[in-house]
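What follows is a set of notes on a single structure, which appears directly below.
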Amino acid sequence: MTDAVERPAALDALAAGVAAIVHGSDLDEALGSLLAAVVETIGATSAMVSLQDPDRPDPELALTIGLDSDAQTAAVAAVADPAHPLTTAGRERALARGGATIALPLIAARSGIEEALGAIALTFRSDSEAQAADGSFLALVADVAALAVDRSRLAATAAQRSEWFERLAHTDPLTGLANVRTISRVLELELTRAGRQGSEVSVALFDVDDFAAANEAGGREAGDDVLRSVAAVLAGSVRLVDTVARYGADEFLLVAPGSAGATVARRVLDGIAELAPVAGRSISVTAGVAQFPSDGTDAEAVVAAAQAALDRARAEGRGTVETTGAGGG
């Protein structure tokens, strides 16, 4: 009788768990707070939680309460045992019993569709104590636990989507390089910084040679392969302080702080010369390099100077680099 009086009330246990879920940011902490309170309330000796990852075929042990190291090892094996109540409850989506252990599924419903998230299992000192446990209360505990898991996954999904949209806003989806919007902003910032410090910025414009012919000969997939190959060389050839972007259908723009634009451009051309042919056609690019402030005092003027240098390089022949007088570092 004394033992029952000392135990916290069921409502208090649920309140503690809900508070941890609402105010906490960590799923393990929230589930741990809930189950620790529940174990104390109902007089169980231990509890464990398995979670079902949508991307993995089998459930995994996520949390245990009241288990020593040997029992922890046994719990890991239990999750892999199809006959264990924890596994059975998750698989059958129904309460499962086994000796002194009771397990319940964690289920979330959205738009009328139920999704199994895992299961919780509580172990008592004896089979009789397990049989006497309040099933309605345990079902409510499972619902609260499922709410915690579902809430955590929704938050993770929202964060992933936000990250994806942020990345999409700043990168070219085909090549993974920065897009025009991003490189334009980077160029403005670099020119502002260089103007303030009295330093230089190199701008190089790269054009894929005979890209239209490659598209016609091998189709759009071949053209995409060419662009991705060129982008990979560009990304691998530039310095950490440089930024490279897809600037047009078959053009790429490099913003390189300092006066080493021509050196970087030649390194890019050497790397592209080693690429394997695509659809039977070799890959090459032609480049034009300009420099701030010698070739212009704003972004538009410097890019125009790089374009003029690129036009001269095209006249010289494919796979060449042309610089302005100032951009030949």
| field | Exclusive hit being at pLDDT 90 or above, over 12 Å from Ala204 (Cα atoms) and of a type in the set (Val, Ile, Thr), set Thr297, Thr286 | value | Thr297
| Are any residues in the stretch 119-145 over 22 Å from Ala15 (Cβ atoms), part of a helix (DSSP H, G or I) and either within 30 Å of the chain's Cα centre (by Cα) or of a type outside the set (Ser, Thr, Tyr) (or both), and if so, which ones? | Asp127, Glu129, Ala130, Gln131, Ala132
| When the residues of the stretch 167-188 are filtered to those that are among the aliphatic types (A, V, I, L, M) and open to solvent by less than 50 Å² (accessible area, probe 1.4 Å), which remaining residue is nearest to Arg228 (Cα to Cα)? | Leu174
| query | Just for the stretch 225-243: of the residues that are outside any helix (DSSP H, G or I) and within 22 Å of the chain's Cα centre (by Cα), which one is farthest from Asp207 (Cα to Cα)? | reply | Leu240
| remark: Going through the stretch 109-123 in order, the residues found to be open to solvent by 10 Å² or more (accessible area, probe 1.4 Å), hydrophobic (A, V, I, L, M, F, W, C) and more than 17 Å from Pro57 (Cα to Cα) are Ala109, Ile113
| message | Which residue is most open to solvent (accessible area, probe 1.4 Å), if the candidates are limited to the stretch 189-207 and must be outside any helix (DSSP H, G or I) and of a type in the set (D, E, K, R)? | response | Glu200
| request: Test Phe252 against the stated conditions and say whether it is touching a strand residue (DSSP E or B) at 6+ places or on another chain (Cβ under 7 Å) and under 25 Å from Ala213 (Cβ atoms). | output: yes
| task | Please work out if Leu254 is modelled with pLDDT of 90 or more and closer than 23 Å to Arg185 by Cα. | result | yes
| query | Can you name every residue in the stretch 277-295 that is within 24 Å of Ala232 (Cβ to Cβ), in contact (Cβ under 8 Å) with a residue 24 or more places away in the chain and open to solvent by 70 Å² or more (accessible area, probe 1.4 Å)? | reply | Gly280, Arg281
| said: What are the pairs with Cβ atoms under 6 angstrom where one residue, in the stretch 56-79, is in contact (Cβ under 8 Å) with a residue 12 or more places away in the chain and over 15 Å from Leu35 (Cα atoms) and the other, located anywhere, is among the polar types (S, T, N, Q) and part of a helix (DSSP H, G or I)? Sequence gap at least six, or different chains. | reply: none
| message | So Arg267 passes all but one of these: (1) in a helix (DSSP H, G or I); (2) without any contact (Cβ under 8 Å) to a residue 24 or more places away in the chain. Which condition number does it fail? | response | (2)
| task | Taking Arg91 as the residue in question, decide whether it is under 22 Å from Ser33 (Cβ atoms), under 33 Å from the mean Cα position of the chain (by Cα), surrounded by 15 or more Cβ atoms within 10 Å (Cβ to Cβ) and among the basic types (Lys, Arg). | result | no
| Single condition Thr263 does not satisfy, out of (1) open to solvent by 20 Å² or more (accessible area, probe 1.4 Å); (2) within 16 Å of Val186 (Cα to Cα) | (2)
| said: Restricting to the stretch 157-177, give me the number of residues that are touching a Ser or Thr at 6+ places or on another chain (Cβ under 6 Å) and at pLDDT 85 or above. | reply: 0
| note | By residue number, the members of the stretch 270-307 that are assigned to a loop (DSSP other than H, G, I, E, B), charged (D, E, K, R) and within 23 Å of Asp210 (Cβ to Cβ) are Glu274
| query | Just checking, which of Asp298, Asp210, Asp250, Asp270 is open to solvent by 20 Å² or more (accessible area, probe 1.4 Å) and on the phi > 0 side of the Ramachandran plot? | reply | Asp210
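The values are calculated or read from the model by the stated rules, or taken from the named source; none is laboratory data. The structure displayed is predicted, hence computed values, not measured ones. Because the Cβ atoms are built from the backbone with ideal geometry, glycine has one as well, and the counts that use them run over all protein chains shown. When the accessible area is computed, the model is the full protein with side chains, heavy atoms only, and any ligands, DNA or RNA have been set aside. Shrake-Rupley method; radii C 1.70, N 1.55, O 1.52, S 1.80 Å.
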